[in-house]
There are 2 protein chains.
Amino acid sequence: MNARAKLDLAPLLADEPTGLEAGVSSDDHHSLRLWLRLLACSTDIETEIRQRLRVRFGMTLARFDYLAQLHRHPEGLRMNVLSRNLMVTGGNVTGLTDELEKAGFVAREAQPEDRRSFVIALTPKGRKAFERMATVHESWVIELLGGMPDQSKQQLYELLGQMRGVLAARGTTAETDPAAKKAAKKVSKK
Amino acid sequence: MNARAKLDLAPLLADEPTGLEAGVSSDDHHSLRLWLRLLACSTDIETEIRQRLRVRFGMTLARFDYLAQLHRHPEGLRMNVLSRNLMVTGGNVTGLTDELEKAGFVAREAQPEDRRSFVIALTPKGRKAFERMATVHESWVIELLGGMPDQSKQQLYELLGQMRGVLAARGTTAETDPAAKKAAKKVSKK
DNA sequence: AATAAATACTTTACTTATGAAGTATTGACC
DNA sequence: GGTCAATACTTCATAAGTAAAGTATTTATT
């Protein structure tokens, strides 16, 4: 992603900026404050990781994610599955595949039983490269979050799990919401 | 943004996928698991908000953020300040300003005392439009996170504050702003 | 078997971001 | 006062994403 300081909605609240997440201190607006802070944390880390991947490995986050998916599935994945798992459109998968194939990290393998589809798998070169990067990547995350007490991390992990649950619950019942329907369609689509 | 399932690094851990955040269940890797889950939550919400902004208001998140910044500063901001606050590059600010100016939401005002710079401020039209959108926006966030108990939200908010503290402590030399990013790149040269 | 519908991938046009280079202006120093 | 670096903004090339239309192939229906 980019490094954006999204959604600084402090104007509607209080004023006492500290970086991304602005001076949100009113007593109401709990959800909004929470979201802004969550986003700030996420953006901070993502920006840093993205930057380091680029500088250190000449790798974009998109490609790294792509390789990570394949690494979990050594048998390979079809492109539509990649599209779904990575939550990007098919056109994008085509493009990323082209690039990574050219770099020798992945290979398209034609499927005799269904000649519409390809199975993409890591090449040995791609696997080695990814494993090397992933190791360093984890060390970065550990470095970035290392300052947090283990107990806090554990709590945070659980609370975020709860949040995911809430979000997912909404998603499954969202059939009635036109916007949500559209969003769902967009994600799962081609 | 896009809706990407970033950083599915489960291969290096366990295997038991549940959406974005994969089957990370090893006993080590606490930091990585935490980061993946944080990212999953953030991406989920962001995707939904982005989609709704687009459908309901024909507004991108980038522009909405931009307007939010200006709304906090009715006196206006210079473009380089916007760039820093929004954590995007100057070129991007130029582009966003062009669009929003064309839409009549903001105005560039030349500065006699420094003819290199402009101050950008909301027009009355832009202010009204933003306030209307921001109200709806908050209702969306409340809807999305409404399923969480208040106590959980409060705890989560505090823990994320702790995380921000940790991140900020590391990056006192400003890892998160584009200028620093640029400087860093110059040093390591790729 | 013929046709229609769905699926898998590609292509195209467009959007938004980035990084780097370019232009104009200011400020600091000798 | 002239030069040189820094600053503010713009422009340009490129990357990565979307949506929508196109092609080939498979599956289902009748």
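The values are calculated or read from the model by the stated rules, or taken from the named source; none is laboratory data. None of these values were measured; they are calculated from a predicted model. Cβ placement follows ideal geometry from the backbone for every residue including glycine, while neighbour counts extend to all protein chains displayed.
For this structure, a couple of remarks:
- Residue ID - farthest from the other protein chains (Cβ to nearest Cβ), chosen from residues in segment B:72-85 that are outside any helix (DSSP H, G or I) and within 12 Å of DNA strand D (Cβ to nearest atom): B:78
- For segment B:33-43, the condition holds for at least one residue, the condition being that it is free of Cβ contacts under 8 Å to residues at least 40 places away in the same chain, among the aromatic types (Phe, Trp, Tyr) and either over 30 Å from residue A:151 (Cβ atoms) or more than 12 Å from DNA strand D (Cβ to nearest atom) (or both).
Residues checked against (1) closer than 30 Å to residue A:41 by Cβ; (2) of a type in the set (A, V, I, L, M); (3) touching a helix residue (DSSP H, G or I) at 6+ places or on another chain (Cβ under 7 Å):
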{"residue": "B:73", "(1), (2), (3)": "yes, no, no"}
{"residue": "B:78", "(1), (2), (3)": "yes, no, no"}
{"residue": "B:89", "(1), (2), (3)": "yes, no, yes"}
{"residue": "B:93", "(1), (2), (3)": "yes, yes, yes"}
{"residue": "B:98", "(1), (2), (3)": "no, no, no"}
{"residue": "B:105", "(1), (2), (3)": "yes, no, yes"}
{"residue": "B:109", "(1), (2), (3)": "no, no, no"}
{"residue": "B:113", "(1), (2), (3)": "no, no, no"}
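- Residue match in segment A:44-67 (condition: over 19 Å from the mean Cα position of the chain (by Cα) and crowded, with 19+ Cβ neighbours inside 10 Å): no
- Of the set (1) of a type in the set (Gly, Ala, Ser); (2) surrounded by fewer than 15 Cβ atoms within 10 Å (Cβ to Cβ); (3) within 30 Å of residue A:157 (Cβ to Cβ), all apply to residue B:152 but (2).
- Residue match in segment A:85-96 (condition: modelled with pLDDT of 90 or more and more than 29 Å from residue B:87 (Cα to Cα)): yes
- Identity of the residue in segment A:86-138, part of a helix (DSSP H, G or I) and touching a Ser or Thr at 6+ places or on another chain (Cβ under 8 Å), that ends up farthest from DNA strand D (Cβ to nearest atom): A:138
- Close Cβ contacts (under 6 Å, 6 or more residues apart or on different chains) running from residues in segment B:132-149 that are more than 8 Å from chain A (Cβ to nearest Cβ) to residues that are in a helix (DSSP H, G or I) comprise B:133/B:57; B:140/B:52.
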